[in-house]
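The values are calculated or read from the model by the stated rules, or taken from the named source; none is laboratory data. Please read all numbers here as calculations on a predicted model, not as lab measurements. Methodologically, a virtual Cβ is constructed for each residue, glycine included, from the backbone with ideal geometry; neighbour enumeration extends over all protein chains shown. Calculation scope for accessible area: heavy atoms of the full protein, side chains included, ligands and nucleic acids excluded. Shrake-Rupley method; radii C 1.70, N 1.55, O 1.52, S 1.80 Å.
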Amino acid sequence: MLTSGFDSPAEEAYFALAAAALPRGYNVLAYDGPGQGAALRHQRLFFRPDWETVLTPVVDYALARTEVDAERIYLYGYSLGGFLTPRAAAFEHRVAGLILDGGIYSYYDVNFAGIPPIAAEWVLAGRDDVADPVARLMMAHHTGTRWALRNGPWSFGTDTISEYLRRTREYTLDGLAKQVTAPTLIFAPDNDHFFAGQPERLHRELTCPATLISLHSADGAGEHCAYGARSTLLHYMFTWLDTL
């Protein structure tokens, strides 16, 4: 069951996972949640932190299908889904395992890591009149920042960049990580420019059986979601699933 990320539609699941999983006998269920794909574009549903409210009906649907083994439902979190999935799993315990394709403990910390301290103070103080111009200056000089700070307000349903950044305060597993009970596999690419350090932090905070696998640039797998070597990541994943 694939939960996609910050800007990825459900259709991307075929290339990210399903093309490898289906020949191995797995069913793959992908969906667009609030803030994603068709749910955002056609229904104007925006990201929400309580992802268990989103995922639990999807699990209900899966359990109603005859081809689904109720004892072998695995959740796969892709990119930002690496936060949304464990957040949901802290409350939804009908799953046999989690695979986090880039685990995230605090999306809030990710967003504020690249902001100058004075600008972060303005954001948190509600000084959008001075914080947003700083953000736009950063966007003018960095393509990745421009993409992130355009997509964030759109997918979170905010009027300003600063409001989007404040909205991410609820996107943390503080006080929730220990509620995840299913065995969990976490991938940590060593050159992930989005979520550096987050997989390791999540691994430290979990109390369920958890495995952290580092992926290396020398093997082509060090970038975000290991897109230089997806076959390597998937090999590790299916090998781990065989142990459950």
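Quick look at the numbers
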{"quantity": "Residue, surrounded by the fewest Cβ atoms within 10 Å (Cβ to Cβ), within the range 170-191, restricted to residues that are among the hydroxyl-bearing types (Ser, Thr, Tyr) and in contact with a strand residue (DSSP E or B) (Cβ under 9 Å, 6 or more places away or on another chain)", "calculated": "Thr172"}
{"quantity": "Residue list for the range 201-224, filter: within 23 Å of Ala90 (Cβ to Cβ), in a helix (DSSP H, G or I) and touching a Gly at 6+ places or on another chain (Cβ under 9 Å)", "calculated": "Arg201, Leu202, His203"}
{"quantity": "Scan of the range 1-34 for residues that are in contact (Cβ under 8 Å) with a residue 60 or more places away in the chain, small (Gly, Ala, Ser) and touching a Gly at 6+ places or on another chain (Cβ under 8 Å), ordered by number", "calculated": "Ser4, Gly5, Ser8"}
{"quantity": "Boolean, Ala196 is in contact with a Leu (Cβ under 7 Å, 6 or more places away or on another chain), assigned to a loop (DSSP other than H, G, I, E, B) and without any contact (Cβ under 8 Å) to a residue 60 or more places away in the chain", "calculated": "no"}
{"quantity": "Yes/no for Arg41 being open to solvent by 40 Å² or more (accessible area, probe 1.4 Å) and either under 27 Å from Trp154 (Cα atoms) or out of contact with any Gly (no Cβ under 9 Å at 6 or more places or on another chain) (or both)", "calculated": "yes"}
{"quantity": "Residue pairs meeting the criteria (Cβ under 6 Å; at least 6 apart or on separate chains; first in a helix (DSSP H, G or I), in the range 95-109; second of a type in the set (Val, Ile, Thr))", "calculated": "Tyr107/Thr168; Tyr108/Thr168; Tyr108/Thr172"}
